[in-house]
Amino acid sequence: MLAGEIKETLLTKNIESNVQNSVVTLNNIDDYKKASVLINAINPNLELNRKDSSILISYKPHYKNSLISEVAAESINNVQRRLDKLGTKEVSVQKQGQNKILVQVPGVEDTKQIKSLLGKTAKLTFHLANTNIAKVQDIDHETTVMLKDSLGNSYPIFRKTEIGGDSLVNASVRFGNLGKPTVHFKFDSIASKRFAQITKENVGKPFAIVLDNTVLTVPTIREPILNGEGEISGNFTEKQASELAILLKSGALPAPLKIIEEKNIGPSLGEESIKEGEMAATISIIAVALFIIITYGKLATLTLPGIAGIALTVGMAVDANVLIFERIREEIKSGKRVERAIEEGNNVHYWQRSN
């Protein structure tokens, strides 16, 4: 996006971009000052470095960090929406570090659909197809790009986005005349007017629907569509159509997500832990009872106040543990790391003892 803005501002094609920065090559080195002023006008948070006849452009560190935090927060909300619409319960989505997100979905054994939902950016765009190209060599790459569908068929698509997926207000699964699932969508009022204008001016021309740079379908506009509604058809299964509808309703992710670690903890682990806990409690009670009997023998007498003391001690221990673990859970939900959350939980215990 930054490279595109710079290209439009400087009216130049001599620009290259990578993950770290953008590089503008000047035809005339004397244009450096003029170009610098124009680039800084785009965004005051840009850092410019001169190297020979090139300008290296990158974001300032503090601004870059704020962008990463903003993208992470937006991604967390988007992932939460996607999983909520899937019908999963007690989903936990938390930030870890600067650019990582921890997703916990209890009660799900097959994680394929979860990974499929999280692995798609779901950037939906609508473009006119370029019908004036006879050969691939004739493509003007400034205005047109070749995109493929799921079957590998290529289409010359105008780069200009006529309508974006953020203009959708609803998406749902419907079934066509032959019983095949389709995804029905509806635009907001502003996009509906734009959609009506496009379909009115381009009757008989192909109109491409693109998701994450993959062509979903290229229907031909048969007549003006004035109600702001449309349908995406293709070789969908019902599950795929439902997933696409969820993605479109949830909106596009601000950046692609990459799964770097996956853990599947089954119920057997929790059941095993419970059994081990019960065994440990039983052994502890027997060990303490034997210690008292062997050490004190007949001196140890169980009285009513003694029983009350035992009950009170157990109750205080349980109460302390509940407070600690609840505090740890709250700290983790607020986005703190596990180590820091445990430390805060223990502080509750120390505070309780001191009071």
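The strands (runs of 3 or more DSSP E) located wholly in the range 91-168 that include 1 or more residues which are modelled with pLDDT of 80 or more, outside the structural domain of residue 341 (by the TED database) and surrounded by fewer than 16 Cβ atoms within 10 Å (Cβ to Cβ) occupy 92-96, 100-104, 144-149, 154-158. Being in a helix (DSSP H, G or I), within 23 Å of residue 251 (Cα to Cα) and in contact with a strand residue (DSSP E or B) (Cβ under 9 Å, 6 or more places away or on another chain) is the requirement here; does residue 172 meet it? Answer is no for this residue.
Residue pairs whose Cβ atoms lie under 8 Å apart, separated by 6 or more positions or on different chains, with the first residue in the range 313-328 and open to solvent by 80 Å² or more (accessible area, probe 1.4 Å) and the second modelled with pLDDT under 80, are 325/345.
A single entry from 50, 81 fulfils the requirement of being open to solvent by 50 Å² or more (accessible area, probe 1.4 Å), in a strand (DSSP E or B) and not polar (S, T, N, Q): 50.
Scanning the range 203-221 for residues being assigned to a loop (DSSP other than H, G, I, E, B) and either open to solvent by 20 Å² or more (accessible area, probe 1.4 Å) or not assigned by the TED database to the domain that holds residue 161 (or both) gives a total of 7. Of everything in the range 169-186 that is open to solvent by less than 60 Å² (accessible area, probe 1.4 Å) and more than 29 Å from the chain's Cα centre (by Cα), the residue that is nearest to residue 247 (Cα to Cα) is 176. The set of residues from the range 272-282 being closer than 19 Å to residue 318 by Cα and open to solvent by 100 Å² or more (accessible area, probe 1.4 Å) comprises 274, 275, 276, 278, 279. On the given criteria, is residue 268 loosely packed, with under 12 Cβ neighbours inside 10 Å and either under 29 Å from residue 116 (Cα atoms) or at pLDDT below 85 (or both)? Yes; evaluated as a whole, the condition is true for this residue. Taken over the range 42-63, residues that are under 31 Å from the mean Cα position of the chain (by Cα) and more than 26 Å from residue 98 (Cα to Cα) amount to 1. If you check 23, 19, 37 for being modelled with pLDDT under 80, among the β-branched types (Val, Ile, Thr) and in a strand (DSSP E or B), only one passes: 23. Looking only at residues in the range 229-263 that are among the polar types (S, T, N, Q) and over 20 Å from the mean Cα position of the chain (by Cα), which one is most open to solvent (accessible area, probe 1.4 Å)? Among those residues, the one meeting the criterion is 235.
The values are calculated or read from the model by the stated rules, or taken from the named source; none is laboratory data. Just so we're clear, the structure is a prediction, and the values are computed from it rather than from any experiment. Cβ sites come from the backbone with ideal geometry, for glycine too, and all protein chains shown count toward neighbours. Surface areas here come from the heavy atoms of the whole protein model, side chains and all, with no ligands, DNA or RNA. Shrake-Rupley method; radii C 1.70, N 1.55, O 1.52, S 1.80 Å.
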